[in-house]
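Okay, structure first, notes after.
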């Protein structure tokens, strides 16, 4: 390469201040230019996996990011110790798969609710992906989610159950797999594309997954692309008012419109149609009680961000 040149591509993985950009059939190691770092910092990293970028390559093939193009979508969570800083897990994805393990499903519902709310809020067409279905049947447990209209796939990376419907959903799209450690995200990707040979782990004695994916990566899978993310121990919702939270619960919609107050939080307000639906058995009580937990967490976060 005789002279420097500009290339356009997309970020396939990050490590610290370095990212790898795929342009055509090649990947280039790139750093971030200083001018991208100027101004008030509002997100954990200025570049996210999935970003479309313009990079400048020098004569030796080393690159630097000159421009990050506008994103058409983001999957965001709070950075735990800096609530004003957003953590963009993945950019420019079409759909989000909230992955849980069948044998840990009952303990995972609060985390699942947060992921689904984030997916609805960020217009990422969330899909529930239940792995390890060879271990137990959790269809009854997840019936309220199917009734709410969430697409749900029951699969097993070990036996191959349900992989073909999953493969069909991935084709031609950019997806992100997100969930706790130990649910088998990397195992599923290996089952779909054995050549990936991703490192996988299990669950420790406390029932917590061991981290095997340490940073997000954009991979070619099943005629599409998938962002494989590290396991999340917590997922903080961001960028909404507490009065808006129920907007991200599609099963609340038929009742929410009948509440007396447009800004009803469905916690204590009089003539709340959502609470009435719960009392009448028309809305799942467990979903509602977990909603109250998420609402309290969101209120606490909102208060901590006030000057």
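No lab work stands behind these numbers, since they all come straight from the coordinates. No experiment lies behind these values; they were computed from the predicted model shown. Heads up, the Cβs are rebuilt from the backbone with ideal geometry, glycines too, and the neighbour counts pull from every protein chain shown.
Taking the Cβ of each residue in 85, 7 as the centre, tally the other Cβ atoms inside 10 Å and list the residues starting with the fewest. Show your work: numbers first, answer last.
Numbers: 85 15, 7 18.
By the 10 Å Cβ count, ascending, the order reads 85, 7.
Counting alpha carbon pairs within less than 8 Å and at least 6 residues apart, what relative contact order, in whole percent, applies to the chain? Working shown, then result.
Numbers: 606 pairs, mean separation 44.8, N = 307.
15 percent.
Expressed as a whole number of Å, what is the distance separating the alpha-carbon centroids of the stretch 144-190 and the stretch 256-300?
If we compute the Cα centre of each part, the gap is 30 Å.
Between residue 247 and residue 299, what FRET efficiency follows from the Cβ-Cβ distance if R0 is 22 Å, with the result rounded to 0.05? Please report the intermediate quantities before stating the final value.
Working: r = 16 Å, r/R0 = 0.71.
After rounding to 0.05, the efficiency reads 0.90.
Fewest first, what order do 237, 129 take by the number of other Cβ atoms within 10 Å?
Listing 237, 129 from fewest to most nearby Cβ atoms yields 237, 129.
Report the label-to-label distance for residue 110 and residue 33 in nanometres (one decimal), using points 7 Å from each Cα along the Cα→Cβ vector.
4.6 nm
What do you get for Rg/Rh of the chain when both radii come from the Cα atoms and Rh is the Kirkwood radius?
Dividing the radius of gyration by the Kirkwood radius yields 1.00.
Rounded to the nearest 0.05, what FRET efficiency do residue 56 and residue 168 give with R0 = 45 Å and r taken as the Cβ-Cβ distance? Could you check?
Efficiency, from the Cβ-Cβ distance: 0.70.
With both bridge residues required to lie in the stretch 70-159, what share of the DSSP beta bridges run antiparallel, to the nearest 5%?
40 percent
Where the centroid of each part is defined by its Cα atoms, how far is the stretch 1-32 from the stretch 105-119 in Å?
Distance between centres, Cα-based: 35 Å.
At R0 = 45 Å, how high is the FRET efficiency between residue 70 and residue 279 if r is their beta carbon distance? Nearest 0.05 is fine.
FRET efficiency, residue 70 to residue 279: 0.45.
Of all beta bridges DSSP finds with both residues in the chain, what is the antiparallel percent, to the nearest 5?
Looking only at bridges with both residues in the chain, the antiparallel portion is about 60 percent.
Once the cut-off is 13 Å, how many percent of the Cα-Cα pairs in the stretch 242-304 end up in the long-distance tail?
Counting pairs separated by more than 13 Å, the tail of P(r) holds 59 percent.
Is the stretch 89-228 best put as rounded, prolate or oblate by its Cα gyration tensor, with a ≥ b ≥ c the root eigenvalues, rounded for a/c under 1.5, and otherwise prolate when a/b is larger than b/c, oblate when not?
Values: a/c = 1.30, a/b = 1.05, b/c = 1.24.
Note, shape of the stretch 89-228 comes out rounded.
By how many nm would the segment from residue 140 to residue 18 grow when fully extended, if each residue of separation counts as 0.36 nm and the alpha-carbon distance is taken off?
Net length gain for the segment: 39.4 nm.
As a test of the formula, what do you get for the chain when each DSSP H run with n ≥ 4 contributes -39,500 (n - 2.57) and the sum is divided by the residue count, at 222 nm and rounded to the nearest 500 deg cm²/dmol?
-6000 deg cm²/dmol
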